[in-house]
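The values are calculated or read from the model by the stated rules, or taken from the named source; none is laboratory data. Quick caveat: nothing in here was measured; it's all calculated off a predicted structure. All Cβ positions, even for glycine, are placed from backbone atoms using ideal geometry, and neighbour counts span all protein chains on display. The area values use the complete protein model at the heavy-atom level, side chains included, leaving out ligands, DNA and RNA. Shrake-Rupley method; radii C 1.70, N 1.55, O 1.52, S 1.80 Å.
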Amino acid sequence: MSDNARVLKTSGTFTPEVIEDIQAKADLGRYRIRGFGALRERRWPTFDDLTFLPCTLTRIPLEGYREKCSTKTVLGAGCAKPIELDIPIMITGMSWGALSFNAKTALAKGAAKVGSSNTTGDGGMLQAERDHSKMLIYEVLPSRYGINIHHLRQADGIELTIGQGAKPGTGGLLLGSKVSPTIAGQRDLPAGVDQRSPARHPDFLGPDDMIIKIEELREATDHKVPIFVKMGATRVFDDVKLAAKAGADVIVVDGMEGGTGASPEILQEHTGIPTLAAVCEARAALEDVGLYGKIQLIIAGGIRNGVDAAKAMALGADAIYIGTAALMALNCNKPVFVEDYKALGTEPYHCHHCHTGRCPVGITTQDPELMKRLPIDEAAERVANLLKAMTLEIQILARSCGKSDVHDLEPEDLRAFSLEASMICGIPLVGTRHVFGGGPGWKKEETH
Amino acid sequence: MASMTCDGRPTREINAEIKRLLAEGHAEIVVKNPAARHNLAVGVVQPCTLIFEGSVGYYCGGMIDGPHVEIKGSAGWGLAESMMNGRVVVHGNAGNAAAAAIRGGSVIIHGDAAARAGIAIKGGVVLIEGNCGYMAGFMGQKGVLVVCGDAGEAFADSMYETICFVGGRADDLGNDAVVATPTDADVTFLSELMVRHGVKKHVKEFKKIVSGRKLWNFDKREWKTWSEAL
Ligand SMILES: Cc1cc2nc3c(=O)[nH]c(=O)nc-3n(C[C@H](O)[C@H](O)[C@H](O)COP(=O)(O)O)c2cc1C
Ligand code: SF4
C-alpha cells in the first residue's frame, strides 16, 4: 500500500443508498414512488432455504418419458363452472394502464396457448384480452375503474381484491405520464392526473359485509363462476379464515415480494410478510377450519421459476400466480435499447422504472412508439414458453419425488437449510430429524 | 304487470323469480315484502320496472344496466352500486355508500343518505332530497351529486370531475373541494331535475362544489394538502 493510499470508510447506517434516499426526498418533498416490488437484500427465509428430497430407496421415482405427471388444475371445484387449467401457473392481474395494450394482449394470448388463465387488473377489462384468453379472471377492486356488469359476466372467475403483497392496506397508483387519453377514458378520469385508487372498497368494510358482497357477485354471475378473494400477506392465518368464512371459493395470497406497477417504495420494502411464510400460514388456516383441499389456494409474490412454484405447491398452494416473471418473458430488463434504460438513470437488469411510463421495452408504457417494441405474437410465444418451462420444472421435481400429479407434492418432500425456514415451514432442518417450530399446523401445536 | 312475494324465500330464489318473470315478457314486476333482504335485483340488464313494496338490504339494484327500480321503503348499503344505466328511486332513506361507483343512470333518494353517498361515482346523477352523512362524493370522478338538504363532514373530498350541488348547509368541505358559482345552465338543470323526480323540498339556491384540482398531480408546494390526502 503506498503512502497515499486511503481507506474509504462507509457508514453502516448512512450507506450511500440511504444518503441518496434522503437527498432524493429533500428534493421531492414526498415519499418515493416506483415500480417493480421489493428490491432490498432478502434477509428473510425464502424458497431458496428449502430443498427437495427426491426418491432414493424409501420411495420410487417416476420415469420422465413414459409415466404421466398430471398438471391439470381445477379452481372452484364446487362451482357450477369451475376453472379448469392445463397447468398450475397463471398470469396475475396487472392493469391495462400499468401495462400497455400489447403487453396485456400478449399475456392473454400466451396463457391461452398453454391452457392457462390471465387476470384483468385495476382498470377494467380490455376487450382484446378477453378475445384472446382461454380463461379470464375479472378483478373487482376498490377503485372500480371500468367496472362493467357485461364484462363481469364474460369472465370465467371473479377476483375480489382486498389488497396486494407489494402494498397491503393501500390503493393503486398510476402516475400521470401513464394516464393517457385512452386509459383516462377507460377509467373515467381526467387525462394526465397522478391517479390514486382508494385503499378500501367503496361499499363494504369488514369481513361480515364481505359475505354480502360475495353473495352479490354470485347473484351478478348467476352463481356459476368461482369467486376469488385476493389479499396481501399480513395476518394471513386470520385473514384467510375470514375470507373462507365469507364464502370465497379460491383465496389468493400475495407475499411481500410481490410486484407492482407503482407504489410507495417504503411499502414495497417494509410491509407484509414473505411469500414463504404466507403460504405456510394460509395452509395452516385452511386446515384449522377444515377447508384445506376444499378452498383452493393461489400463491403469488416473487415466484421466479418452477422450483419456487413447486416448493409453494408442496407447502400447500394449488396454483401459482406470476407477474414480474411473466413481464421478464416479455423482455423486462433485457439488454436491448440500452440507451433508453440509461435515459431513465438505470441499466438492464437493474430497471424498476415501470412507474415512469417510459419502459424501454414497451411493457409498462402507454407510449405508442415504445409499445411497438413489443410485437404481440412474438411476446405471446415467449410467455407460453416460460409457462411451459416452469411447468416442466415442476413436473421433473414431482416425478423425481415419485408423484404422478404435481398437486401431490407435500411438505414431506422438503427439507430446510436454515433454522428459520424449518420453524416457519414446520419442515425438518437438513441433517436433523427435528422440526424446529410449528410451520403449517403451528396453530394446532399452540392449542394442544 | 306481474306480482310476486319474498315471503319465506332466500335472495337467490327471489332474483331467479324476477328473472323468470322478465324472461316471460313481464315489463313491470311488483315485489312484495322484501323484508330488507340483501342483493335484490342485482345485475338486471334489461329495461323493465321493478317495484319493491318495502325496505331492501345491501346492494339493491347493484350492477344493473337499464331497469327502473323503485323502493317503497329504505335501502341498505351500496344501493345501485356500479350501476351502468337505469334509475333507482328510494322513497325512504339510504344506508352508507349509496350509488357507489355508478357509471351512469340516476339514483334518487327522497329521504336522507348515510355516509359516503356518491362515493367514486364515474358518471350519472345522484339526487338526495334530504341530508347526507360524512364524505359524500369522496373521490367522485364524473357525474353529478345533488343534496337538497345539508351535507355532512368532509363533503366532496379528493374529487376529480364530479360536480356537487348542496341546497342546505355545506360547512365542512373535504380536501381540495372548492365552492364555485352555479351557471345558468346549472340552475336550469337543477330545476328540471327537481321537477322530473318530484322533489317536494323547496331549495332557494344551490351551492356548487367542485374539485380544486390541487390533488390531481403530486406537487411538493402543496405539501400541507398532500399530508392529509396521501
Ligand atoms: C406492473 C404490475 C401491475 C400490477 N397491477 C395490479 C393490479 O392492477 N391489480 C392487482 O390486484 N395487482 C396488481 N399487481 C400485482 C400482481 O397482481 C401480483 O400480485 C404480483 O405481481 C405478484 O408478484 P410477482 O410480480 O413477484 O409475481 C401488479 C403487478 C405488476 C408487476
Ligand atoms: S424494463 Fe419496463 S417493465 Fe421492466 S422494470 Fe423497466 S420499466 Fe418496468
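Observations on the structure shown:
- The condition of being within 14 Å of chain B (Cβ to nearest Cβ) and either touching a residue at least 40 places away in the same chain (Cβ under 8 Å) or in contact with a Cys (Cβ under 6 Å, 6 or more places away or on another chain) (or both) holds for only one of A:59, A:34, A:40, A:30, that being A:34.
- When restricted to residues that are touching a residue at least 40 places away in the same chain (Cβ under 8 Å) and either within 7 Å of chain B (Cβ to nearest Cβ) or in a strand (DSSP E or B) (or both), region A:196-218 contains 2.
- Entirely in region A:357-448, the helices (runs of 4 or more DSSP H) that have 1 or more residues that are modelled with pLDDT under 95 and over 16 Å from residue A:326 (Cβ atoms): A:419-425, A:442-447
- Within region B:49-73, the residues that satisfy the criterion of being open to solvent by 10 Å² or more (accessible area, probe 1.4 Å), more than 10 Å from chain A (Cβ to nearest Cβ) and assigned to a loop (DSSP other than H, G, I, E, B) are B:54, B:55, B:72, B:73.
- Those residues of region A:51-92 which are closer than 11 Å to residue A:116 by Cβ, open to solvent by 50 Å² or more (accessible area, probe 1.4 Å) and in a loop (DSSP other than H, G, I, E, B), in sequence order: A:86
- Residues that are open to solvent by 40 Å² or more (accessible area, probe 1.4 Å) and within 10 Å of residue B:108 (Cβ to Cβ) were ranked within region B:75-95; the one that is nearest to the other protein chains (Cβ to nearest Cβ) is B:87.
- The C-beta contact set for region A:321-338 (first residue farther than 17 Å from residue A:98 by Cα, second residue within 10 Å of ligand 2 (Cβ to nearest atom), distance under 6 angstrom, 6+ apart or interchain) comprises A:335/A:348; A:337/A:360.
- So residue A:178, is it among the basic types (Lys, Arg), in contact (Cβ under 8 Å) with a residue 12 or more places away in the chain and either touching a Cys at 6+ places or on another chain (Cβ under 9 Å) or buried (at least 24 other Cβ atoms within 10 Å of the Cβ) (or both): yes
- Those residues of region A:285-310 which are in a helix (DSSP H, G or I) and either in contact with a helix residue (DSSP H, G or I) (Cβ under 7 Å, 6 or more places away or on another chain) or more than 12 Å from residue A:241 (Cβ to Cβ) (or both), in sequence order: A:285, A:286, A:288, A:306, A:307, A:308, A:309, A:310
- From the options B:194, B:135, B:159, residue that is at pLDDT 95 or above and at positive phi: B:135
- In region A:296-350, of all residues being among the hydroxyl-bearing types (Ser, Thr, Tyr) and farther than 15 Å from residue A:386 by Cα, the one that is farthest from ligand 2 (Cβ to nearest atom) corresponds to A:349.
- If only residues of region A:93-112 that are part of a helix (DSSP H, G or I), within 15 Å of residue A:123 (Cα to Cα) and open to solvent by less than 20 Å² (accessible area, probe 1.4 Å) are counted, the one that is farthest from ligand 1 (Cβ to nearest atom) is A:105.
- Each residue in region A:246-272 was checked for being closer than 23 Å to residue A:292 by Cβ, open to solvent by 20 Å² or more (accessible area, probe 1.4 Å) and either part of a strand (DSSP E or B) or in contact with a helix residue (DSSP H, G or I) (Cβ under 7 Å, 6 or more places away or on another chain) (or both), and 1 of them qualify.
- Subset of region A:315-341 that is part of a helix (DSSP H, G or I) and within 16 Å of the chain's Cα centre (by Cα) - its residue that is farthest from ligand 1 (Cβ to nearest atom): A:329
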